[in-house]
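Here's the structure, in structure tokens; my notes come after.
Values quoted throughout were computed directly from the atomic coordinates according to the rules given, and no laboratory measurement underlies them. All values derive from a computational prediction rather than experimental measurement. For neighbour counting, all protein chains shown are included, and Cβ atoms are generated from backbone atoms with ideal geometry for every residue, glycine included.
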Amino acid sequence: MKKLHQEIEIEFKNLLTEQEYNLLLEQLKIRSETANKQVNYYFDTADMLLKEHKSALRIRKKGGEYVLTLKEPHPDGLLETHQKCTETEAINAMETGDIPQGQVTEQIRRLTSVSEAQFNYIGELSTKRLEIHEPDGLIVLDKSEYLGKVDYELEFETSARTAGEAAFKRLLNDYGIPQRKTKNKIERFYERSLQLRRD
């Protein structure tokens, strides 16, 4: 039996203004040209079954590799189930909604109690990501583009919630950045999509 590829993600996030983003680039001595590009392709059912379960399904393209990931709530953060897929499988998923079978689809069945869900491709979000390793975690600066919008975000990924949260708040305080309640990328993507439909 294949080993299940899962991890618990503990992260803190804060939306930034463009000025705050540039300030952090300068103060943390990060060169924007070193950013790695990644593209998230999002999926859900027609009735938004995963959204209803506060979960998200994506295929991420990064460095020529494709990984299918289900994110779902967990008491300590988010539980992520990962499964590598081929470019052909990724393109097929976007064209037909046919998600590659495996550990991710098994986890979706456990989460939703739906034996065979039909998925739709709902769009993409492209991110230029910069990272710095710190003793208490990983500082991540993201510039994301989706549906005609650009946003900037600071993330702090950690394996220890209490120490990580303290380091994250210290980082914001050090650079005079107000803490903002920040939704995750797919939630922002959904909101932008609804806004465009209303407009």
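Tell me, what HN-Hα J-couplings in whole Hz come from the Karplus equation 6.51 cos²θ - 1.76 cosθ + 1.60 at θ = phi - 60° for each residue of the range 90-107, using x for Gly and Pro?
5, 5, 4, 4, 5, 7, 10, x, 7, 7, x, 6, x, 5, 5, 5, 5, 5
Per DSSP helix of 4 or more residues, -39500 (n - 2.57); summed, then divided by the residues of the chain. What does that give at 222 nm, rounded to the nearest 500?
Roughly -9000 deg cm²/dmol at 222 nm, from the helical runs in the chain.
Provide the descending list of Cα extents for the range 6-198 along its principal axes, expressed in whole angstroms.
Largest to smallest, the principal-axis extents are 49, 35, 34 Å.
Please report SER144, SER115, SER159 as a ranked list, fewest other C-beta atoms within 10 angstrom at the top and most at the bottom.
Lowest count first: SER115, SER159, SER144.
Can you work out the Karplus-derived ³J(HN,Hα) for every residue in the range 149-166? Use 6.51 cos²θ - 1.76 cosθ + 1.60 with θ = phi - 60°, whole Hz, and x for glycine or proline.
10, 10, 9, 10, 8, 9, 10, 10, 9, 8, 9, 10, 4, 5, 5, x, 5, 5
Could you give the length gained by full extension between THR34 and ILE91, i.e. 0.36 nm per residue of separation minus their alpha carbon distance, to one decimal place?
In short, 17.8 nm is gained.
Separation between the ASP76 and ASP174 pseudo-spin-labels, each 7 Å from Cα along Cα→Cβ, expressed in nm?
2.6 nm
Gain in length, GLU145 to GLU165, computed as 0.36 nm per residue apart minus the alpha-carbon separation, to one decimal in nm?
Going from the current span to full extension adds 4.5 nm.
Could I have the simple spin-label model distance between ASN22 and GLU7, label points 7 Å from Cα toward Cβ, reported in nm to one decimal?
3.3 nm
Restricting to Cα pairs below 8 Å that are 6+ residues apart, what does the relative contact order work out to for the range 1-61? Please round to a whole percent.
Relative contact order comes out at 24 percent.
What nm value, rounded to one decimal, do you get for the distance between GLU191 and TYR121 when each label is placed 7 Å out toward the C-beta?
Reported label-point gap for GLU191 and TYR121 is 2.7 nm.
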